[in-house]
Each structure stands twice: as structure tokens, then as C-alpha cells.
Amino acid sequence: MKTSKIAPSSIANSLSAAPIRYFFEVSQAGSFRQAAEKLGIASSAVHRQVGLLEAQLGTALLQRGRGREGVRLTAAGELLVYRISRAMREVSIGIAEIDDLRKVRRGKVRVGSPDMLAIDAIAPFLRQFLEDNPRIEVDVRIADKAELLANHERLQFDLLLSFNTPQLIGLKVLAEFEMQSYAVVPAGHPISAKDFTSLAECAQFPLALINDPAVKEGILTRMEATAGFKPRVVVTTNSYAFMREVVASGSAISIQAAFEGELRYRNPELAYVPIRESLGRFSTLGCLVPVSRRLSAAADLFIGSITASLASRLA
């Protein structure tokens, strides 16, 4: 057979599925006639398509026998059959995975979160997720970090969201995101019109802080170091939402990590002013999953989706 040199990429782009399929069937059946019977087409059509493939590749793929002797693969034919077989296995795996994904779209996912993260992170995410997965139920248990961590095994959480999360037996940190820290102040407050503020400036006003001891003391220590005096805390609570109401009433200001853009909780009575200093671990959002049990397919789908969403919004 006369051969010509053609760029491999040009050959690949010009190939169609039918000649490749017909060649593969001939290689498996051992003859054009048997392959044609399996395909339900004329033997002459199989001959024509395989000949077209050989012409495109510029080499013989089959050694034709006389009469009923059948065919044998050439070295090039054996190589192509090997590659086609591998490709077919990959396609079969892909089809099986798609089928698994289709079955995934039902089930229940259990999530534990403080109120602020439930409001700011989970609630906005749920709309699209539930629209895409209407048969998945998401059970969100809202509590402070201490309660969530103490009861994660009993409540069988698939995912926990929390700030400044310690290493804990039975849980692993799947992803972490450092968030911007803000001074949350009433609209009209002296800080509210500023583009940025500082911990030292915030220390001059009464504070409402989360009652997590590590977070509270960590923030106060940093504020005292920059301001030169100990700030005055007037309200502590385990509810970020309640802190916002306290701030809106004018009783105090608060220090909170918050989402920007579409995820950020908007209240016309509040202003969020970015703080120049980083609060490090105290403003780092952690996504934790259990290590002692296998998660359901629905939970895997939810966790992968929400962590990808958080990564894109907090990049």
C-alpha cells in the first residue's frame, strides 16, 4: 500500500467513528463477513470503511487472507486495537461514573454551623444546589463551635463549618479559607464612613464579641497590643446574628469575619468596615469532615460543591 506523510494531529482530526468501529469489529471477529453480520450491514461497506481508515493512516492495519482465511492484524493494527480497547474501557468507566452521579442526586446531608456561617455561607449556596439536586435534603444544625464539636459524632454531621477550629480526633480539615475581618458598626457611626479601620481604633468603643474563649481572648490581646489599653467588652454571646442586632441597636460595635459581594449579609442598619490587620486563625473558616465513617454520595456531592463555591468567592 502506498503511504504518505501526514501530520498526526491532522489525521486524528479527520478520523470519524464509523471506520474505527468497523475496523475494531473486524479485528475481534477475525473476518469482514462476521463483522458485517454483527454490525448488520453489507460486507462491502465494512471493506470500504476499513480501507478508508487505512488510507487516512497511510498504513495497512489488516493482512487479508484468501477466500475464507479471514484477516490478521499487522503491527500497526495491533497497536491501534490496543489503544481502542483502552479508550473503550475509559468510556465504560465514564458511563458508570455518570450513572453513579445520577443516583447520587437523592439523599440527606447533615451540616453543622454557627448561625453567621449558616446565613452568610450556606443559605446563599443552597438555592442553586437544591435547584440542581431537588431530591437531596440538607439538614443544617445551628449551634456554637463548642456544641458542634462536642456532638459531631452523636449528630452524625457530614460537614462542619467553623472558625479557628482546633485539631480534633475524629475530624479532619478538608479546606480552610482566610476571610476579611470587619468592624461591624451602626450606620452613622464615626467609623462607618471610613474605607478602612484598625484594631486600635475599634478598641476605643464598647465591644460585642463571640463568647468562644480562644477567639475572644485572641482578638482582645491583639487589640490591646495595638491600642495600648484593654478594650471594654459589654456583650458576649454564642450568636453572631444576635451580635449584629446588638450593634444595630447602637449598644456596641463588633469584630467579625464576613463575606464580600453576593454572600455578604446586608443590613441597612449596619456598616462593614474592613480592618487593616489580619486576625489570622480567628478569621479562618474551616470545613471539617468525619474520618471514622464513609460519607454518602449525596454528602460527597454537597461538600465538593460548597467548598468549590467558597474557594471561588474567597479567592
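The values are calculated or read from the model by the stated rules, or taken from the named source; none is laboratory data. The model shown is predicted, which means the values in this text are computed figures rather than measured ones. Please note: Cβ atoms are built from the backbone with ideal geometry, for glycine as well, and neighbour counts cover all protein chains shown.
Out of all the residues in the stretch 242-261, which are surrounded by 15 or more Cβ atoms within 10 Å (Cβ to Cβ) and under 27 Å from the mean Cα position of the chain (by Cα)? Listed by number, the residues that qualify are 256, 257, 258, 259. Taking the stretch 46-77 as the range and being surrounded by fewer than 19 Cβ atoms within 10 Å (Cβ to Cβ), at pLDDT 90 or above, among the small types (Gly, Ala, Ser) and under 16 Å from residue 28 (Cα atoms) as the test, the residues that pass are 75, 76.
Take the residues of the stretch 212-229 that are assigned to a loop (DSSP other than H, G, I, E, B) and modelled with pLDDT of 90 or more: which is farthest from residue 115 (Cα to Cα)? If we take residues in the stretch 212-229 being assigned to a loop (DSSP other than H, G, I, E, B) and modelled with pLDDT of 90 or more, then 228 is farthest from residue 115 (Cα to Cα). Filtered by the rule that a residue be under 30 Å from residue 220 (Cα atoms), among the small types (Gly, Ala, Ser) and at pLDDT 85 or above, the stretch 281-315 gives 283, 286, 311.
Just one of the numbered conditions (1) of a type in the set (Phe, Trp, Tyr); (2) at pLDDT 85 or above; (3) in a loop (DSSP other than H, G, I, E, B) is not true of residue 259: (2).
Is it the case that the stretch 268-280 has a residue that's touching a helix residue (DSSP H, G or I) at 6+ places or on another chain (Cβ under 7 Å), touching a residue at least 60 places away in the same chain (Cβ under 8 Å), polar (S, T, N, Q) and assigned to a loop (DSSP other than H, G, I, E, B)? Talk me through it step by step, then tell me what you get.
Of the stretch 268-280, the ones touching a helix residue (DSSP H, G or I) at 6+ places or on another chain (Cβ under 7 Å) are 269-270, 275, 277, 279.
Subset that is touching a residue at least 60 places away in the same chain (Cβ under 8 Å): 269-270, 275, 277, 279.
Now drop any that are not polar (S, T, N, Q), which leaves none.
No, that holds for no residue.
In the stretch 224-251, which residues are among the hydrophobic types (A, V, I, L, M, F, W, C) and out of contact with any Asp or Glu (no Cβ under 9 Å at 6 or more places or on another chain)? Answer for the stretch 224-251, where residues must be among the hydrophobic types (A, V, I, L, M, F, W, C) and out of contact with any Asp or Glu (no Cβ under 9 Å at 6 or more places or on another chain): 225, 229, 233, 234, 235, 243, 246.
Conditions (1) part of a helix (DSSP H, G or I); (2) under 16 Å from residue 238 (Cα atoms); (3) in contact (Cβ under 8 Å) with a residue 24 or more places away in the chain, marked per residue:
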position	(1), (2), (3)
146	yes, yes, yes
149	yes, yes, no
161	no, yes, yes
169	no, no, no
176	no, no, yes
184	no, no, yes
194	no, no, yes
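Kindly establish whether residue 232 is surrounded by fewer than 19 Cβ atoms within 10 Å (Cβ to Cβ), at pLDDT 90 or above, closer than 19 Å to residue 190 by Cα and under 35 Å from the mean Cα position of the chain (by Cα). Let's see the steps before the verdict.
Numbers: surrounded by fewer than 19 Cβ atoms within 10 Å (Cβ to Cβ): yes; at pLDDT 90 or above: yes; closer than 19 Å to residue 190 by Cα: yes; under 35 Å from the mean Cα position of the chain (by Cα): no.
When the stated conditions are applied, residue 232 does not pass them.
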